[in-house]
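Peer 1: Below are the C-alpha cells for one structure; questions will follow.
Where a number appears in this text, it was derived from the coordinates with a stated rule and is not lab data. None of the values given here were measured: they were computed from a predicted structure. Counting neighbours? That spans all protein chains shown, and the Cβs are built from the backbone with ideal geometry, glycine included.
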Amino acid sequence: MMKHWYCHKGDFLRKNMYICNLLSSNGYNEIFKMNRKIAIFCGSSIPNNPEYSTAARELGALLAENGDTVVYGGSNLGLMGEISGAAMKNGGTVIAVIPTFFSETIINSQPVTELIRVKSMSERKEKMIAMCDIFVALPGGIGTLDEVLEVMVANQLKQTKNADGTPLPCGKPIYLFNPDGFFDPFFVQLDKMGENGFFRSGKRPEVNDVKSLEQLMSFING
C-alpha cells in the first residue's frame, strides 16, 4: 500500500516542534483534521452508470460527517452537483470555485457555504491546488483528467505548498476513486510513459488507486 501522507505530516512536525511538544501522540492528526480542505474533481454530466452518482452522494455525506470541507468547481451539474448537494444536505462546508464566464444561472445553481469567482479554468485549478490539502477524483471527462494532471505536474515540479507558502517536497496526495476500473487505462498510460523514460524519477508519479469509499476514507483519515 502506498504511503499517502508522505512528506506532508513530516514537514509539519519538523517545522512546528514547539506545537508538537504540547501534543499527545494523536494530537497532530486531530489538529490537521481541523479546517482540512478536500478538492473534488469529477464529471459535470450525469453518468450512464448510476453507481457513480450514488458513490458521489455517499462521499459528500461522509466528508460532511467527517468535518472536512469540500472544494469543487461549482454548480449543481452532474456528479459535481451530486457530491456538493449531499455535503450541504448533511451539514458540511462546501466551497465552490467557478469561472465567471459561466452564466449566473449555472454559477448560482447549487447553494454552497462559500462561492469564489475566478476569471478562467486555469485560475480555478491554481486556486484549488493552492487552498486544498487532498485531491480526490471521481469518474469524469477530459476536464477531470486535466485537473488531475495539473496537480500531478505541480507535485512533480515541487510547486505545491503549505498554507504558509513553504514548499512541500513530496507534494499533496491524489486519490482516484476507481471502483470498477474506470481509471485503469489512465494508469496503463502512466506506466507506458514510465517505460519509455518520460519520468525523470524513473517511476510513476504518486497517484493512489482507490477501489472503495471505505478505503478512500481510511486514506484521508490516515
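Peer 1: Determine, for each peptide in 141-152, 70-81, the mean count of other beta carbons within 10 angstrom over its residues, then list the peptides with the highest first.
Peer 2: 70-81, 141-152
Peer 1: Sorted by packing (mean other beta-carbon atoms within 10 Å per residue), highest first, where do 155-166, 110-121 land?
Peer 2: Packing proxy ranking, top to bottom: 110-121, 155-166.
Peer 1: I'd like the Karplus ³J(HN,Hα) series for segment 149-165: coefficients 6.51, -1.76, 1.60, θ = phi - 60°, whole numbers in Hz, and an x wherever there's a Gly or Pro.
Peer 2: Whole-Hz 3J(HN,Hα) from phi for segment 149-165: 5, 4, 5, 4, 5, 4, 5, 5, 8, 6, 9, 7, 9, 5, 4, 8, x.
Peer 1: Okay, next question. List the pairs from K89/K119; K119/K211; K37/K203 whose alpha-carbon separation is above 32 Å, in the order I gave them.
Peer 2: K119/K211
Peer 1: Take every Cα-Cα pair in segment 35-220 and report what % of them are more than 26 Å apart.
Peer 2: 27 percent
Peer 1: Can I ask one more? Starting from the Cα of K158, draw a straight line to each of the aspartates and glutamates and keep only those under 19 Å, dropping any in the same chain fewer than 8 residues away.
Peer 2: D11, E123, E126, D133, D146, E147, E150, E206
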